[in-house]
1. Given the conditions (1) part of a loop (DSSP other than H, G, I, E, B); (2) modelled with pLDDT of 85 or more; (3) closer than 18 Å to G197 by Cα, report the number of the one that P278 does not fulfil.
2. Check every one of the helices (runs of 4 or more DSSP H) wholly within segment 133-233 and list those with 2 or more residues that are more than 21 Å from the chain's Cα centre (by Cα).
3. Collect the residues in segment 191-220 that are closer than 16 Å to Q178 by Cβ, surrounded by 14 or more Cβ atoms within 10 Å (Cβ to Cβ) and among the basic types (K, R), keeping them in residue-number order.
4. Would you mind stating whether P64 is farther than 26 Å from T352 by Cα, in the same structural domain as W346 (by TED's automatic domain parsing) and crowded, with 24+ Cβ neighbours inside 10 Å?
5. When you scan segment 409-420, do you find a residue that is modelled with pLDDT of 80 or more, farther than 30 Å from G357 by Cβ and either part of a helix (DSSP H, G or I) or not aromatic (F, W, Y) (or both), even just one?
6. Restricting segment 50-68 to residues that are touching a residue at least 24 places away in the same chain (Cβ under 8 Å) and assigned to a loop (DSSP other than H, G, I, E, B), which is farthest from the chain's Cα centre (by Cα)?
7. Might you let me know whether segment 58-80 holds any residue that is over 17 Å from G143 (Cβ atoms) and among the charged types (D, E, K, R)?
Amino acid sequence: MLYHRMKQGLVKPSYIILFCICALLVVFVTRVLSLGYYPLLDTTEARYGEMVRIMLETGDWVTPQFNYGVPFLGKPPLFIWVSALFAKFSVVNEFSMRFASIMVSLITMFVTWCLANFQFGKNYAWLTITIIATTVIHIVLSGAIVAEPVLLLSLSLITSGFWIGIKSELPKQALTWQYIFFIGIAAGLLAKGLVVGILGVMPIIIWCIYTNNLGKAIRKFPWFTGIILTLVIALPWYILAEIKNPGFLKYFIIGEHFNRYLMPGWEGDRYGHAHNEPLGYIWPIWLVATLPWSLVFITLFINDLRRKATKTANTISTNLNQWRSFLYIAFFTPLIFFSFAHNIIWTYSFATVIPMGLLIALWAKTKIESSKQWFCWPVSVSVINLVAVIAMTIWLALGNVTSSQQQLLATAYATNNLTNNINIIYWKDLPFSGRFYSKGQAKICYDLAELERSIDESLTSNHYYIMKQNRMDSLPENIKSKFIVRKAIDNWLLLSLVNH
């Protein structure tokens, strides 16, 4: 009965809101339940998880550490701080660190809800955040130890702060959101650095020029006190980081902001390897990452172009035209910017989910209010994703995602009973998950003579060795014969000495 009423466009607003709330609760509950079911995954999650653990252990909140004594200067530390704070007041494990991203995502949803509600009311607001929350990339990253949830929060603060700040006719409301705009810029500088200017501020400048609102923005916003506020929040960390790590600003600003995007296969990356993808690679990445809504967006965008081609846009209010142009510019700016970069990963498309969600919700809202049998498609798409999220949670709960390092280390510790009396030695390869699950105690050995010395030392202490199968195969026979395999998982071997 309800489905037929939706199809006929006769559903009351309360039903729309109820459906959205139920969908969001399903996504939230299932994602939270999934957080502890699977280990930190190499390389990204395990690397950042280890940085959180080292930060809490060393008490150094200024410089995240790639390894003990090795500063990580590739990103500002806001997302590390957030995860560390949650872990500090609970336990350092997968759930607590990932839950930090969930909470950041909830704040992002609230800010975006406020923006959409200001523009077109509660129906529009609930539809928007439901669409955003059910994209593939948001489902994955909202529960991951990565910088993107904090970056998305900063972009939502910038977008919402600017739009409400320039459009509100209530002075106190406008001023509040104008300062939120500057807080968003500061958060972006501490989340990803200067790239927040491209992803968050540049679309606003383009829109102001395109719609002749530049003068209004200059007059209305408290630029002097706002910039001071931004600097007070963001600048101290940059100063302290440079003092503690001379050369940080040069590497971070020149290397991470320009060379990373302009130089294919950039070899100056200290913390990983640069990618060398073809130009325009961001577009297929976006298409997959924002499924299933990317397909809906393409369809509706084509319809929008047809509508403009037939001049029906003239019948639309100026406010709606400005809103639509604002969202399109915010959506296309990051995609066009990253189209000229070779060093691309799939998370770069995350910046598009808020304007995309607002645009799709705008189309859905328009169709619902005009009673044109369109409400069935947002429901159908959302339900498909909800079923997928539930299935993913059940799949994770059954233990289908495991960490070879976590299992190998657990076997070593369980075999020895007393973890303090054993040494874990990796031969030539030490994954970040190995560092995290050994609590930083695992050591790495590169030299054959060093490996032989550790074997001699094992006469007085218990040594366990972890190495890849191909590394084991390439060892000299006289050394290989001294090992016995205790456990083998995913091409990794846990070894002990024959006489132990």
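1. Looking at each condition in turn, P278 falls short on (3).
2. Numbers: elements: 136-141, 148-167, 171-191, 202-210, 214-220.
Qualifying helices (runs of 4 or more DSSP H): 148-167, 171-191, 202-210, 214-220.
3. K220 - this is the single residue of segment 191-220 that is closer than 16 Å to Q178 by Cβ, surrounded by 14 or more Cβ atoms within 10 Å (Cβ to Cβ) and among the basic types (K, R).
4. On the way: farther than 26 Å from T352 by Cα: yes; in the same structural domain as W346 (by TED's automatic domain parsing): yes; crowded, with 24+ Cβ neighbours inside 10 Å: yes.
Spelling it out, P64 is indeed farther than 26 Å from T352 by Cα, in the same structural domain as W346 (by TED's automatic domain parsing) and crowded, with 24+ Cβ neighbours inside 10 Å.
5. Checking segment 409-420: at least one residue is modelled with pLDDT of 80 or more, farther than 30 Å from G357 by Cβ and either part of a helix (DSSP H, G or I) or not aromatic (F, W, Y) (or both).
6. Looking only at segment 50-68, we keep the residues that are touching a residue at least 24 places away in the same chain (Cβ under 8 Å), and these are 50-57, 62-63, 66-68.
Next, from what is left, pick out any that are assigned to a loop (DSSP other than H, G, I, E, B): 62-63, 68.
Working: V62: 21, T63: 20, Y68: 25 Å.
Among those residues, the one meeting the criterion is Y68.
7. Residues of segment 58-80 over 17 Å from G143 (Cβ atoms): 58-78.
Right, trim to among the charged types (D, E, K, R) and you get 60, 75.
The answer is yes, given that some residue of segment 58-80 is over 17 Å from G143 (Cβ atoms) and among the charged types (D, E, K, R).
For every residue, the table says whether it meets (1) surrounded by fewer than 12 Cβ atoms within 10 Å (Cβ to Cβ); (2) farther than 18 Å from L408 by Cβ; (3) among the polar types (S, T, N, Q).
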| residue | (1), (2), (3) |
| --- | --- |
| K439 | no, no, no |
| L448 | no, yes, no |
| D456 | yes, yes, no |
| H463 | no, no, no |
| N470 | yes, no, yes |
| P476 | yes, yes, no |
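The values are calculated or read from the model by the stated rules, or taken from the named source; none is laboratory data. Remember, it's a predicted structure, so these values are computed and weren't measured experimentally. Because the Cβ atoms are built from the backbone with ideal geometry, glycine has one as well, and the counts that use them run over all protein chains shown.
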